[in-house]
Each structure stands twice: as structure tokens, then as C-alpha cells.
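Everything below concerns the one structure shown next.
FYI, it's all coordinate maths here, none of it is from the lab. Being a predicted model, the structure only gives us computed values, none of them experimental. Using ideal geometry, Cβ is built from the backbone for each residue, glycine included, and neighbour counts are taken over all protein chains shown.
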Amino acid sequence: MIPFILTFLAGCSTLIGFLFVYLKDKSNKVLVSSLAFASGVMLLISISDLIPSSYTSIREVYYMIPAFLICSVFVVIGIVLSMTIDKYLPDNTYQDATLYRVGMISMIAIMLHNIPEGIATFLTSNHDITLGITLAIALALHNIPEGISVAVPIYYSTGSRKKAFLYTLVSGMSEFLGAIVASIFLVGFSNDFFMGCLYAIIAGIMMHISIYELLPSSLKYKQTKQTFLFFIIGILFMYISSLLLH
């Protein structure tokens, strides 16, 4: 039961990011800062966490060069998948169609990211409760900016806090779904190659969102200094969170 509770609480921390939609923002400063911050977070997660984890997992099955090539191919697949999702998402219903797509793609990417995180938290807690608590706290910290990357674009594109809350909740609860999957299928079993490929795909999706969606969306408001300041803050925040995580 405790591994489920820890995973659930870590997923719920995503909703803290939703609270940013209540900040008054007459000059778009919250929006600009949040988008840039989330961009830095996603880029660092991809480069310093997901891609190395992917390579390490695939390396358990293949030699160094094949593992590198397989990892690279699946990163590209993730980028292409993100571009495809972006292309086919509806974009003519809301006040700001670009922001709506950013929020939707972020939600999908974070769901894919949180499922293996939920699996990891559940399996770790099941094996070592102390280590599981540490892992859950670290994940909770870096789930907050992930919540921002979903809630803020959805709110500013639709004008609906209910939709922002719902989409953020769905992305966060995917972590709990990972715990359920782990409890049913993965206790005592793990497939390094599958997890490695999944990490690479998620990294590709997040890199595309960061560089081609979140950062340009922030720069669109012509507050360049603030954009790059919060982009760097997002990177530093995620770096510290990753140190705690590892």
C-alpha cells in the first residue's frame, strides 16, 4: 500500500503547477516566464536524464555502438511523433491555437514520461521504502514545473481553469497508472530494451516541445531577457532536482 501512496503523492505534485494560473498577469509575464521555465526543465530532463537512462538500459542488451545508434533512432522517432501530434491536433477552436497545442503535446509527453516514473517509484518503494521515499520527494519536485507546462498554456489558450486543472490532473495521475502497471505486470520482471526505447522516444518528444514549442511561444511575447532568464532558471532547477533524484 505504501508504494501506491508514495507514487500517488508524487503524481499529485503536478497539480501545484496548476496554481500558477491564479497569478495575475496583465503583461503576460507569468505566461512568458512559465513557458521559458518549462522549456528549460524539459530540455534538461531529456539531455541529462532520459537519454543517458535510455542508453544505459539498451547497453544492457547491446554493445556500445549499436546501443548508441538504437538510442539515437528512437530519439528521432520521438521528435517525429511529436511533430505528427502537433500537426494533427485541432487548432481553430481556442483563443490562442499555438498555446493550446503546446499544452496538449506537453500533457501527452508528460503522461508518457510519468508512467515509467511511476513504475520506478513503485518498484523502488516495494524493494526499499527509505529509498522509495527519497525518490518520490525528488520526483514531486520536478513534477511541479511539468504541471506548469500543461496548465499555463491550456489556461491561456482556453480561458478555462477547469480544463487546465483536468489536463494537469490527467498528466499527473499517469504516474499512479505506472504504479498500477508495475504491480500487475512488472513485479519481478523488467525489460531493459523496451524501457530504453521508451525513454529515448520520450526524450525526443520533450526536446521537440522544448525547442520548437515552449521556447518560441515564450519569445513570441518579445520579452527576450525574461524568457532566457527563466529558461536558465528552469535548467538549474531541474539540475538540482536531478541531483536529489540520483
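How charged is the neighbourhood of Glu146? Take every other residue with its Cβ under 15 Å from the Cβ of Glu146, and add Lys/Arg as +1 and Asp/Glu as -1. Net of charged neighbours comes to -4.
Placing unit charges on the Cβ atoms only, positive for Lys and Arg and negative for Asp and Glu, gives the chain a dipole magnitude near 900 debye about its Cα centre. The helix-based estimate of mean residue ellipticity at 222 nm for the chain, built from -39,500 (n - 2.57) per DSSP H run of four or more residues and divided by its residue count, is -26000 deg cm²/dmol to the nearest 500. The Cβ shell under 14 Å around Phe68 holds other residues with a net charge of 0, Lys and Arg each +1, Asp and Glu each -1.
Note on Leu19 and Thr224: the model spin-label points, each 7 Å out from Cα along the C-beta direction, lie 3.5 nm apart.
Computed from the Cβ-Cβ distance with R0 of 35 Å, the FRET efficiency linking Phe185 to Thr98 stands at 0.40. Checking [x] 20.2, 64; [y] 17.4, 55; [z] 18.3, 65 against the coordinates, the calculated Rg and Dmax of the Cα atoms in Å falls under label [y]. Extension gain, Met64 to Val76: 0.36 nm times the residue separation minus the Cα-Cα distance gives 2.5 nm.
Within the shell defined by Cβ-Cβ distances under 15 Å, the residues around Leu229 carry a net charge of +3, with Lys and Arg each +1 and Asp and Glu each -1. If you take the square roots of the eigenvalues of the alpha-carbon gyration tensor of the stretch 1-50 and sort them as a ≥ b ≥ c, do you get rounded (a/c under 1.5), prolate (a/b over b/c) or oblate? It is oblate, given that a/c is not under 1.5 and a/b is not larger than b/c. Between Phe194 and Ile240, the modelled label-to-label distance comes to 3.8 nm, taking each label 7 Å out from Cα in the direction of the beta carbon.
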